[in-house]
Amino acid sequence: MLTRRKLFKQSAVSAITMLALESCYSSPEIPPAPDGLGHNFEFLTPADRGILSKLTPVILAEGLPTITEQKALAIREIIVGWDIAVSGLPPLTQAEIRKLFSVLDSNFILSLTPRLLTGVPDAWDNTKEIDEFLNNWRFSDPQSLVTGNELRVGYMGMVELTMASWYANPRSWDFCGYAGPPVLW
Amino acid sequence: MHEKQNEIRDFVAEGFQQGWKHLDASSLSSDKTLETDVVIIGSGAGGGSAAEILAEAGLHVIIVEEGPLQTSKDFHMKEDEAYPKLYQESGGRQTKDRGIKIFQGRMVGGGTGINWTTSFRTPATTLKYWAEEMGLKGFSENEMRPWFEWAEKRYKIQKWTVPPNANNSALEKGCGKLGISWGKISRNVTGCLNLGYCGTGCPVNAKQSTLVTTIPGALKAGAMLISKARAEAFVLKKGVITELKCRAMTSRGNAPSGQLITIKARHYVLAAGAIGSPAILLRSGEKSLNPHGLVGTRTFLHPVNVSGAIMPFPVKGEYGAPQTSYSDHYVETRLDNKKPGFKLECPPLQPMLMATALDGHGKIHAEIMKQRPNLQVLIALQRDGFHPESTGGQVYLKSDGTPGLDYQVSRYIWEGIRDAFLAMAEIQFAAGAKMVAPVHRDAGIYGSIKEVKQVIAELPMEILKARLFSAHVMGGCPMGEDSAKSVVNSNGLHHEVGNLSVFDGSVFPTSIAANPMESIFATTAKFATDLAKGMVN
Ligand SMILES: Cc1cc2nc3c(=O)[nH]c(=O)nc-3n(C[C@H](O)[C@H](O)[C@H](O)COP(=O)(O)OP(=O)(O)OC[C@H]3O[C@@H](n4cnc5c(N)ncnc54)[C@H](O)[C@@H]3O)c2cc1C
Ligand code: SF4
């Protein structure tokens, strides 16, 4: 079977063919959004939050707590942290991140990059597949004639916001051996 | 905890309680027009210094600052709080191709509020280059000495004699073993508790930023501060500026609120920093402000690459003053410019900054974060702008009028970056590193100098592969004698528009080749003293 990832690797196929193929392909399953901890989300949609809940454990790997409940809580907090961080960014940067999510959840009306080119996972339930997708973007050619630097930059954006959201959170500090800001008084 | 912090005396907050003039523009519900002698745009190294000198000369000064007014009690040493509040674009500003991450302050105090306190005079070799190669007048070492002395006195710049943290002592040790010169850095602090959180705002008013020195000085002399107001553009009539248009920002500060502030002044001082100052000139869209198309050109960054090392002992580089030791070996041995020189320093290592600076995700990233307490980090700052190929970047306006920077790293500078990866690895292994990791997409972590040397020789020196950073934006309104080749003259006065000056890091015709704050203090003091004389008479 011709999977999306195989196609992604066959860079000879033109963007137009891919768009045509894409239109007869079923749309992806977006995971449900986890509990929002009472946060009033300004930027992230439920679909974005669903996708982030699957990306976060792959991006942070052993950096997350191992106990199930603690891990689930950490992921929820990271997603809240993402929303707070993105809401404070300049409007143009927010628009770019919106475009990134439209690629991730395959919303073609907003996205300029056809999903087949981007290798976004078929479904968001397979850790290995998500990791491969991240590595595809990470090691994509920043001067690609087809996608420009979009995949590499998208990767850096996703990873950076996730890292920032977690490693600024005191719950991560035990793991990275940080005793927190000095207590002055 | 924070109640006690107040006991240290947040004298800046007290000053405002006692009547220093301040308008938080985000609170405005209608447009406003003001008049003054001088309006200064920006409150950082340049803006703060200018404000005090001009206000003390008896001129009425208004300072317009895009960022918020925050004082020591608001600085909690928390990264997720500080970056969105106190940095341009929450600390996420990048060059056009996203290849270089740019840190700039955006608060009352500008970069000085969140910078790392490293204080160097402009190197004599840089001043000499400006005089000999760029024909600049008035910037010889002798002519500049009194202004450096002014800066050192006003901002309490002194030798830092406290023993270095382990991050800095590794640089000393490594350089010592290799027989490479190194030195101790002077800092603009007094009563410093050696905490290491200069980058999130000093919680005890030890750092002598403009927020706690010259801005209060100006306010005491009657100046007015407007925070959360973005200067948009100048309006000109018959070749002179008649008013400045500003947009109030929302309380969050990332977008305009809709209210406008108009300021009419006799003289206008741009001190919005490199990127910020050129952007205001570009937005104004007047030919006479940019007659030769030079505004925003020659913008330099000291592009920085990074090398991490795992030491066999705890480093805990998040604590203790950052950047207290340096090496200029690779600056001094490369002054012929055949290869670019670079300065070596040691940044602070709080976890969020570190986690986001590394490339990659998953198991390997987590493993490095786990070993974080033993991580030692060196950075190399390239001396850009001293070679015909090193022409710097260009400030441009995005679709909504906010500024960006298009900076292409030249082949010449890339070779300096490659050399710096090796130089840093050598120092780190000499200091006892078990493993060294050049921060590059295609590099791993290596156990011997032999191995890492081979890898570095082959790493592609390409944008978005090597991770690059900058906290030193300079240039964009270069000064010079020739009006066809520069934007302002060697007094910081605009060549064409008589009632406009630029007093900040954007006037430098090359990079400084050292951390730029003290250079900006000194040149601004020189310019502003001259302007005050002219305006008072
Ligand atoms: C994290 C960090 C660490 C650093 N460490 C050191 C160090 O240790 N030593 C050193 O020498 N240098 C250091 N620097 C660099 C140094 O702080 C800057 O070079 C210096 O502050 C620049 O001075 P400036 O006056 O040109 O601009 P800035 O200090 O950047 O001030 C410009 C101000 O103008 C405001 N502004 C911008 N646009 C507008 C607008 N349109 N309207 C109104 N206001 C506007 C900004 O918000 C800002 O507050 C560091 C910088 C950073 C970011
Ligand atoms: S190291 Fe000194 S100057 Fe820096 S934040 Fe701590 S007390 Fe302030």
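The values are calculated or read from the model by the stated rules, or taken from the named source; none is laboratory data. Small disclaimer: the values here were computed from a predicted structure and weren't measured. So basically every Cβ, Gly included, is an ideal-geometry build from the backbone, and we count neighbours across all protein chains shown. Side chains included, ligands, DNA and RNA excluded: accessible areas come from the protein's heavy atoms. Shrake-Rupley method; radii C 1.70, N 1.55, O 1.52, S 1.80 Å.
Here are the numbers:
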quantity: Using alpha carbons only: equivalent-ellipsoid semi-axes of the stretch B:294-442, gyration tensor based, whole Å; calculated: 29, 20, 13
quantity: Computed over chain B, Cα set: Rg, Dmax in Å; calculated: 22.2, 68
quantity: Nitroxide proxy distance, nm - points 7 Å out along Cα→Cβ at residue B:408 and residue B:235; calculated: 4.0 nm
quantity: Axial C-alpha extent at least 15 Å, average Kyte-Doolittle at least -1.0 - helices from chain B (DSSP); calculated: B:45-56, B:166-178, B:411-430, B:517-536
quantity: Chains A and B, summed buried accessible surface - 1.4 Å probe, Å², nearest 100; calculated: 4000 Å²
quantity: Karplus 3J(HN,Hα) series, Hz, for the stretch B:104-117 with 6.51 cos²θ - 1.76 cosθ + 1.60 (x for Gly, Pro); calculated: 9, x, 8, 6, 5, x, x, x, 5, x, 10, 7, 9, 6
quantity: Tail fraction, Cα-Cα pairs, the stretch A:45-172, threshold 23 Å, whole percent; calculated: 30 percent
quantity: Pairs of alpha carbons in the protein assembly as shown whose separation is greater than 43 Å (percent); calculated: 24 percent
quantity: Cβ-based net charge around residue B:401, under 12 Å, with every Lys or Arg adding one and every Asp or Glu removing one; calculated: +3
quantity: Backbone N within the stretch B:487-519 under 14 Å of label point (7 Å from residue B:133 Cα along the Cβ vector); calculated: B:509-514
quantity: Quarter of the Cα convex hull surface for the stretch B:306-379, i.e. its orientation-mean projected area (nm²); calculated: 5.9 nm²
quantity: Portion, in percent, of the accessible area of the stretch A:45-172 that falls on carbon or sulfur, probe 1.4 Å; calculated: 59 percent
quantity: Per-residue HN-Hα couplings for the stretch A:31-36 [Karplus 6.51, -1.76, 1.60; θ = phi - 60°; Hz; x = Gly/Pro]; calculated: x, x, 6, x, 3, x
quantity: Note, ³J(HN,Hα) from phi for the stretch A:68-79, Karplus 6.51, -1.76, 1.60, rounded to Hz, x at Gly and Pro; calculated: 3, 5, 5, 5, 4, 5, 4, 4, 4, 5, 4, 5
quantity: Given charges at beta-carbon only (K, R positive; D, E negative), |dipole| of chain B in Debye; calculated: 460 debye
quantity: The stretch B:165-254: mean projected area of Cα convex hull, nm²; calculated: 11.2 nm²
quantity: Two-site FRET efficiency, residue B:76 against residue B:30, from Cβ-Cβ distance with R₀ of 35 Å, rounded to 0.05; calculated: 0.55
quantity: Under 5 Å, built H, 5+ apart or other chain: amide partners of residue A:144; calculated: none
quantity: Environment charge at residue B:93 (Cβ cut-off 10 Å; Lys +1, Arg +1, Asp -1, Glu -1); calculated: +1
quantity: Given charges at Cβ of Lys, Arg, Asp, Glu: the protein assembly as shown dipole, positive-most of B:379, B:124, B:203; calculated: B:124
quantity: D (Stokes-Einstein, µm²/s), Kirkwood Cα radius, the stretch B:245-305, 1.306 mPa s at 10 °C; calculated: 113 µm²/s
quantity: Equivalent ellipsoid semi-axes - Cα gyration tensor, the stretch B:1-139, angstrom; calculated: 29, 23, 18
quantity: Net lengthening on full extension, residue B:397/residue B:530 (0.36 nm per residue, minus Cα-Cα); calculated: 44.7 nm
quantity: Size of the stretch B:138-212 as Cα extents on the principal axes (Å, biggest first); calculated: 40, 36, 18
quantity: Approximate shape of the stretch B:25-89 as ellipsoid semi-axes (Cα gyration tensor, √5λ), whole Å, largest first; calculated: 26, 17, 10
quantity: Environment charge of residue B:299, counting only residues whose C-beta is closer than 12 Å and scoring Lys/Arg +1, Asp/Glu -1; calculated: 0
quantity: Other protein chain Cβ atoms within 10 Å, averaged over every residue that makes up A:166-172; calculated: 5
quantity: MRE, 222 nm, helices only [DSSP H, n ≥ 4, -39500 (n - 2.57), over chain B, to nearest 500]; calculated: -9000 deg cm²/dmol
quantity: Trypsin sites (Lys or Arg not before Pro) lying in DSSP loop within the stretch B:181-255, provided at most 10 other Cβ fall within 10 Å; calculated: B:238
quantity: Gain in span if fully extended, residue B:9 to residue B:220, counting 0.36 nm per residue against the direct Cα distance; calculated: 74.2 nm
quantity: Averaged over A:136-143, number of beta-carbon atoms from partner chains that fall within 10 Å; calculated: 3
